[in-house]
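The values are calculated or read from the model by the stated rules, or taken from the named source; none is laboratory data. It should be emphasised that the depicted structure is a prediction, and the values quoted were computed from it without experimental measurement. Please note: Cβ atoms are built from the backbone with ideal geometry, for glycine as well, and neighbour counts cover all protein chains shown.
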There are 2 protein chains.
Amino acid sequence: MAKEKPSIPKGTRDFGPQEVAKRKYILNTIEKVFIKYGFMPIETPTMENLSTLTGKYGDEGDKLLFKVLNSGDYLSYFKSEEFMNQFLQELVEVNIVDKVAEDDYQFPDDESKLKKTINNYFKVNYLSEKGLRYDLTVPFARYVVMNRNEITFPFKRYQMQPVWRADRPQKGRYREFWQCDADVVGSDSLLNELDLIQIYDEVFKGLGVHVEIKINNRKILAGIAEVVKGVEHLQTIAVAIDKLDKIGTDGVSKELSALGFSEIEISSLFEIITTKGEDKEMLQSLKSKLQSSVEGLKGIDELEFVLNNLQQINKSIHLKIDFSLARGLSYYTGCIFEVAALEGTLKSSIGGGGRYDNLTGIFGLDGVSGVGISFGLDRIYDVLEELKLFPTDTQGSHTKVLFCYFDEASQAYALQGVTALRNAGLASQIYPDVVKKIGKQLDFANKLNIPFAAVAGTDEIAQQKFMFKDLNESKQELMSIGEMIERLKN
Amino acid sequence: MAKEKPSIPKGTRDFGPQEVAKRKYILNTIEKVFIKYGFMPIETPTMENLSTLTGKYGDEGDKLLFKVLNSGDYLSYFKSEEFMNQFLQELVEVNIVDKVAEDDYQFPDDESKLKKTINNYFKVNYLSEKGLRYDLTVPFARYVVMNRNEITFPFKRYQMQPVWRADRPQKGRYREFWQCDADVVGSDSLLNELDLIQIYDEVFKGLGVHVEIKINNRKILAGIAEVVKGVEHLQTIAVAIDKLDKIGTDGVSKELSALGFSEIEISSLFEIITTKGEDKEMLQSLKSKLQSSVEGLKGIDELEFVLNNLQQINKSIHLKIDFSLARGLSYYTGCIFEVAALEGTLKSSIGGGGRYDNLTGIFGLDGVSGVGISFGLDRIYDVLEELKLFPTDTQGSHTKVLFCYFDEASQAYALQGVTALRNAGLASQIYPDVVKKIGKQLDFANKLNIPFAAVAGTDEIAQQKFMFKDLNESKQELMSIGEMIERLKN
């Protein structure tokens, strides 16, 4: 077999023991809060049918789907008589083939007809009918529709799984990354929004990260669109102001101007969405501006309900109204959220979500409202790493004791010791190979952050004890197995 | 958007809350034992380069790899001028194109030349350079080679992740399934084999499944091959007797006969591998039969070391020597294991493994011996399900209390209650929608196996209490929030 130098696909990563431990720490913190708030886990397959995925994430999303080749002879169609007959026939019709026969073939000046011919024949659906999960929301909607008769609604589910996007890899952006989602479907109640905001707060407090949770409402954005130019421009406005962070006020203005917005419309839009101040003042001021929009006023009502109730139960949440928060996805219809860390250099969002009134409609189940939030595991990891917020017990092995020895005879004795500790439920190891040098064995323990070593030599065997070494404090003491267990259990 | 009826790819599955809870129960049981024995977790990407995967699992394995289309315009090569020029040129050479030009085209009688031409051009590597993880062993070998300078050897790693195979789906066989592997690399010591056998034993005892752990040694099989026909026939014999379970003695005999084994050779092979009896007698009898094979005797020594030491430390393990255990994969070189459940209808193996002396050699790192075992999560799940061995706390939601109410006023009061319980660390929910009928809300609690409900009505608010209902025993009692917390914490 060829000995190639191995590598992994770009945008993907291996995780070593410490990284896995740190990732699990984040996942466990999130999961505990999900469970506390009554959410239940589901898992969906890594591969979904392309018919489930395509058309759900916009044109850009479709391009970023990873597609899986059909199994078996995936190229069989291209090798079939049927394909060849049709393809060659087309080539005759666009006058390619005669030129080849004359042996001085050139591509025609007008390539469009040829390209169309070729494109018609090389269609991806002959090759692929499955794609990798792109997010957790669409598979969840698919799951709800397929299992509608078994599910007890309102259904509060969480899901923590990797997703894949063929994005250009860059710092903090990977092609394989994890999402942790909590959604409620089958309930219109704004208490769900309250729960989700508290989940954000509780998770990030648990992780020790100071965050700001921004909130807005798509109905408010609809009201703003109505007042500024007309409600039919809602999605255009949402997509444009969603880029504020990236291209700034000037960039968004230019974009809207190019889309036919007048200067007055643009400045009146910016006047509203850049409103600053206390939440209550902001809502009050917006109420007068949107008084002609029923939809807009309903959005304000919804925000007020959330803020007032939150005020009653939890005063310590760093929630902030931001009328410029838009979120790009078209399926949001009510409250929308976004979370950003207040410290560190990673300024992009580490979580987001919102209410969608008809996500399952795309799979044939209408009238099911849902609301959900998502945590980006990989970005949260980067934030905790930068701010040094990981607890120290995620740094190495869980092993408490390494048993060391000098030869075959003391190996058998050490084996009795490690067995006894394991039987007592204590994670322990025996150095597997007979290496004579104790230093090498202790070095192994140190590298793995194993705190104790139990050494077996002739003297120790004679006394039926072990030399028990505290590797952090360079202390040692002769101990029986029972004494070691007692020490370690406390 | 079209409203198609959604489905998932064949051989894949969704897991609902109960299934996820049961799967986690198995994973946690396995993981705890891995950690206790000093193994540390790693995770590798879902996608590996095809150069890492192909040629490692035999021809059959290569066919079962799921391949991922290159991102971007994966068909661009087939649409390129370069491809078309070369392809058409070839078509001229096999006289296809002139016939097309004459408009009475027929495929030639001798299709072989044409097919070869077409096959040459439609190569999969223009389309795909990545595949889905097929097992955890090859990615681990790749990981070890890439991280050789950071790893402390002997390296004891565990890995619990899904793998994908384009096998024909059938009962108990899925296209996406999970493996849980523990391997040690960089140590020749048979103490590792001892650890791995104990891990098998401890995990299955923890799960309550009675299993038999079969053990054999590839060196013994080499010795048998040497004695029967010649050591160069080891792999042929291993592949043949690996099918004993499926095609029986007659089937294996026929296969060996077809491969040039004489009747005497076949009967002498079967005489050895079907030896029954006590382990020590079996080894004693084999010693005399293999006395001419140095390799075979070394294999017997290794088994004796394992058995003798195990006898010293753990007498309750159901370990059984089976000279007919072969395991198909060619990379095994020492001890091999296989685990089968002793009860239930699922007779296929639920775990297996062995020692391989040069797995990392395929990636350019020679001289690193390894030994490992694997647990098949999905088959273990099926066994536990059939034998009803899942504990009852994997049956539903973790929520302790559902808060119920009648109207907006009592909703706000119930919200205070649920917040207080959550602040005390108790998993609880508030029914989100105002539905008036308490029956519907209690029904929701029952369906989710929530054991308690706290109902807020006008009387309860007046007394600053809740009606605390034990839903399993149909008892109820007025309680303050403090009293509820006290009751639930005990």
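Name the one entry in A:Glu302, A:Glu338 that is farther than 24 Å from A:Gly58 by Cα and either outside any loop (DSSP other than H, G, I, E, B) or outside the structural domain of A:His210 (by TED's automatic domain parsing) (or both). Full working, then the answer.
On the way: A:Glu338 fails: farther than 24 Å from A:Gly58 by Cα.
Every option except A:Glu302 fails the conditions.
Taking only segment A:430-445 into account, find how many residues are over 17 Å from B:Leu191 (Cα atoms) and more than 42 Å from the chain's Cα centre (by Cα).
Initially, segment A:430-445 is screened for residues over 17 Å from B:Leu191 (Cα atoms), giving A:437-440, A:442-443, A:445.
Still in the running and more than 42 Å from the chain's Cα centre (by Cα): A:437-439.
Summing the residues that are over 17 Å from B:Leu191 (Cα atoms) and more than 42 Å from the chain's Cα centre (by Cα) in segment A:430-445 gives 3.
How many residues does segment A:351-367 contain that are touching a Phe, Trp or Tyr at 6+ places or on another chain (Cβ under 8 Å) and not in a helix (DSSP H, G or I)? Before the answer, list the steps.
Step one: filter segment A:351-367 for residues touching a Phe, Trp or Tyr at 6+ places or on another chain (Cβ under 8 Å), giving A:351-356, A:358-359.
Right, trim to not in a helix (DSSP H, G or I) and you get A:351-356, A:358.
Adding up the residues that qualify gives 7.
A quick yes/no check of all residues on (1) at pLDDT 95 or above; (2) within 30 Å of B:Asp62 (Cα to Cα); (3) surrounded by fewer than 19 Cβ atoms within 10 Å (Cβ to Cβ); (4) within 17 Å of the chain's Cα centre (by Cα):
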| residue | (1), (2), (3), (4) |
| --- | --- |
| B:Tyr158 | yes, yes, no, yes |
| B:Trp178 | yes, yes, no, yes |
| B:Asn192 | yes, no, no, no |
| B:Ile199 | yes, no, no, yes |
| B:Gly206 | yes, no, yes, no |
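Given the conditions (1) out of contact with any Phe, Trp or Tyr (no Cβ under 7 Å at 6 or more places or on another chain); (2) more than 15 Å from B:Glu176 (Cβ to Cβ); (3) more than 7 Å from every other protein chain (Cβ to nearest Cβ), report the number of the one that B:Glu19 does not fulfil.
Single failed check for B:Glu19: (2).
Can you name the residue in segment B:43-64 that is buried (at least 23 other Cβ atoms within 10 Å of the Cβ) and of a type in the set (A, V, I, L, M, F, W, C) and, of all such residues, is nearest to the other protein chains (Cβ to nearest Cβ)?
B:Met47
For segment B:235-244, state whether one or more residues are within 25 Å of B:Tyr331 (Cβ to Cβ), in contact with a Gly (Cβ under 7 Å, 6 or more places away or on another chain), assigned by TED's automatic domain parsing to the domain that holds B:Gly354 and acidic (Asp, Glu).
Yes, that holds for at least one residue.
Might you check whether a residue that is outside any helix (DSSP H, G or I), at pLDDT below 85 and touching a strand residue (DSSP E or B) at 6+ places or on another chain (Cβ under 8 Å) occurs anywhere in segment B:102-116? Outline the logic, then answer.
Step one: filter segment B:102-116 for residues outside any helix (DSSP H, G or I), giving B:102-111.
Narrowing the set further to residues that are at pLDDT below 85 leaves B:102-111.
Now narrow it down to the ones that are touching a strand residue (DSSP E or B) at 6+ places or on another chain (Cβ under 8 Å): none.
So far as segment B:102-116 goes, no, none of its residues is outside any helix (DSSP H, G or I), at pLDDT below 85 and touching a strand residue (DSSP E or B) at 6+ places or on another chain (Cβ under 8 Å).
Would you mind stating whether B:Ser348 is under 27 Å from the mean Cα position of the chain (by Cα) and either among the small types (Gly, Ala, Ser) or in a loop (DSSP other than H, G, I, E, B) (or both)?
Numbers: under 27 Å from the mean Cα position of the chain (by Cα): yes; either among the small types (Gly, Ala, Ser) or in a loop (DSSP other than H, G, I, E, B) (or both): yes.
So B:Ser348 passes the test.
Mind checking which pairs have a first residue in segment B:343-371 that is farther than 30 Å from B:Glu385 by Cβ and at pLDDT 90 or above and a second that is assigned to a helix (DSSP H, G or I) and of a type in the set (Lys, Arg), Cβ under 6 Å, 6 or more apart or different chains?
Close Cβ pairs satisfying both conditions: B:Phe363/B:Arg142.
With the condition being aliphatic (A, V, I, L, M) and within 14 Å of another protein chain (Cβ to nearest Cβ), I'd like the strands (runs of 3 or more DSSP E) fully within segment B:377-490 carrying at least 2 qualifying residues.
B:401-405, B:452-456
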